Amino acid sequence: MPSPSSQRPLADIDFSNLKVEYTSKPREKCPDEQLGFGKEITDHMLQIKWRAGKGWGMPKIVAATSVSLHPFSHVFHYAIECYEGMKAYVDREGNTRLFRPEMNMKRFNESSSRLCLPNFNGEQLLECIKELLRVDKEWIPKRRGYSMYLRPVIFSTTPWLGLTQCSEAMILVLMSPVGPYFKSGFVPIKLSVDGKYIRAWPGGTGNIKYGGNYGSTVISQREASQGGASQSLYVYDVEEYVTEAGTMNIFFLWTNTEGVKELVTPTLDDGTILPGVTRQSVIDLAKEWGEFGVVERMLPFREVAAAFERGEVYEIFGTGTAAVIQPIGSIAYREKVYEVPKEAFTPGSFQLRLTNELYGIQYGEIPHPWSIEV
Ligand code: COI
């Protein structure tokens, strides 16, 4: 994806003057094993305000509580906001670790640029985020499969009803101790192809982490679950190009029509796919392992259907920060249901080995430059 942020100066955030105002009302923590996804919030959040002509104000760590906004704020009316999802882990020595956080900072800036929100120096924002993690360190879950989900969000607080350039904005970084995103955990989920609601199209916003990409798919998810699936598989165009599965990027492991085993995922080239950090990590690991080719390309759904008909689909899985690696068990398409073979979910399968490798790196058990100590 072109990097608009690299063409603009990245405005400074004065992280060396970060102020911490400790909460007077610490919350009770939920035991790790009872955590689901995104219901608990930690005691503190990071808040930084921006004004046109003045730049970023003093970053502050404050009690994670209500935020007061002008009712005309652009975020309420024109959905001018975007966000990030990243995770922090505790290793065996008790150190806090982040996974490829520079990729989140880069994507956060790219999303902001697309929405004409202000840019920022990602390294400086990351320093503020590390301090937030130090302040709420006791909140980070310690069990494997559990982590601290970080939610940086930037939104336009511009207080006018006219649709104008952003004159005021705010960054918040919120934190939530989390368990598995899907209640079922590492159990295959069902997808159904949605040809009715289009998640993304060339020239749209599919390649940025814009809330509108997610909010507008809730209806599709509702209809998918009424039909017995847990997520929609989004396609677009008469060719029904595969884009994403629910909130995840998607991968297919199969033998292609030339008899070659390969891992295929939709390309970022047409701008409809979110450049996921987990997606890129899967591509990087699969290339390093060299067991089969790794291909990023436009993928019409008929090719998926044909591979199922030939009996040459081995594994399908979704990837995302919240979901990590999510096995996919079946895809409903019109009146057909294509089932992934059971071997896809047995020890030794590619997706299980990948999951173990990613966890190993994320929890600092496998030394790797992607995992950085806070
Ligand atoms: C993530 O995977 O981080 C996301 O942003 C998806 C969201 C719906 C939890």
Do we find a residue being touching a helix residue (DSSP H, G or I) at 6+ places or on another chain (Cβ under 7 Å) and of a type in the set (Asp, Glu) anywhere in region 342-355?
no
Mind counting the residues in region 30-64 that are at pLDDT below 95, among the charged types (D, E, K, R) and within 16 Å of residue 174 (Cβ to Cβ)?
1
With the requirement that a residue be touching a Ser or Thr at 6+ places or on another chain (Cβ under 8 Å) and among the hydroxyl-bearing types (Ser, Thr, Tyr), what does region 251-274 give you?
272
Reported set for region 290-309 where residues are in contact (Cβ under 8 Å) with a residue 12 or more places away in the chain and more than 23 Å from the chain's Cα centre (by Cα) is 291, 292, 293, 300, 301, 302, 304, 305, 306, 307, 308
Inside region 160-179, the number of residues satisfying the requirement of being under 20 Å from residue 139 (Cβ atoms) and in a loop (DSSP other than H, G, I, E, B) is 1
Residue that is surrounded by the most Cβ atoms within 10 Å (Cβ to Cβ), among those in region 50-67 that are in a loop (DSSP other than H, G, I, E, B) and of a type outside the set (Gly, Ala, Ser):
59
Return the pair list, or none, for Cβ contacts closer than 6 Å from residues in region 75-91 that are more than 8 Å from the ligand (Cβ to nearest atom) to residues that are acidic (Asp, Glu), at least 6 apart or on different chains.
75/81
How many residues are β-branched (Val, Ile, Thr) and in contact with a Lys or Arg (Cβ under 6 Å, 6 or more places away or on another chain) when one looks only at region 244-272?
2
Quick count over region 130-147, residues being under 17 Å from the mean Cα position of the chain (by Cα) and either surrounded by fewer than 23 Cβ atoms within 10 Å (Cβ to Cβ) or in a helix (DSSP H, G or I) (or both), is 2
Which pairs have Cβ atoms under 9 Å, sit 6 or more apart or on different chains, and link a residue in region 114-137 that is free of Cβ contacts under 8 Å to residues at least 40 places away in the same chain to one that is in a helix (DSSP H, G or I)?
123/15; 123/102; 123/105; 126/15; 126/101; 126/102; 126/104; 126/105
Quick count over region 272-289, residues being hydrophobic (A, V, I, L, M, F, W, C) and either within 15 Å of residue 207 (Cα to Cα) or without any contact (Cβ under 8 Å) to a residue 40 or more places away in the chain (or both), is 5
Pairs where the first residue, in region 221-240, is touching a residue at least 60 places away in the same chain (Cβ under 8 Å) and the second is surrounded by 14 or more Cβ atoms within 10 Å (Cβ to Cβ) and in a helix (DSSP H, G or I), C-beta under 7 Å, 6+ apart:
231/221; 231/224; 235/301; 240/301
Helices (runs of 4 or more DSSP H) contained in region 256-374 and holding at least 2 residues closer than 26 Å to residue 132 by Cβ and within 16 Å of the ligand (Cβ to nearest atom)
277-289, 350-362
Being touching a Ser or Thr at 6+ places or on another chain (Cβ under 8 Å), assigned to a loop (DSSP other than H, G, I, E, B) and aliphatic (A, V, I, L, M) is the filter; apply it to region 191-250 and report the residue that is nearest to residue 338 (Cα to Cα).
229
I'd like to check something: does region 257-271 contain any residue that is modelled with pLDDT of 95 or more, surrounded by fewer than 16 Cβ atoms within 10 Å (Cβ to Cβ) and closer than 14 Å to residue 206 by Cα?
yes
Kindly indicate whether residue 174 is more than 29 Å from residue 64 (Cβ to Cβ) and either within 16 Å of the ligand (Cβ to nearest atom) or buried (at least 18 other Cβ atoms within 10 Å of the Cβ) (or both).
no
Among the residues of region 214-229, which ones are closer than 23 Å to residue 275 by Cα and surrounded by fewer than 21 Cβ atoms within 10 Å (Cβ to Cβ)?
214, 215, 216, 218, 220, 221
Go through 250, 208 for me and flag whichever is among the hydrophobic types (A, V, I, L, M, F, W, C), under 26 Å from residue 154 (Cβ atoms) and within 16 Å of the ligand (Cβ to nearest atom).
208
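The values are calculated or read from the model by the stated rules, or taken from the named source; none is laboratory data. As the structure is a computational prediction, the values presented were derived from the model and not from experiment. We place every Cβ from the backbone using ideal geometry, glycine too, and count neighbours over all the protein chains shown.
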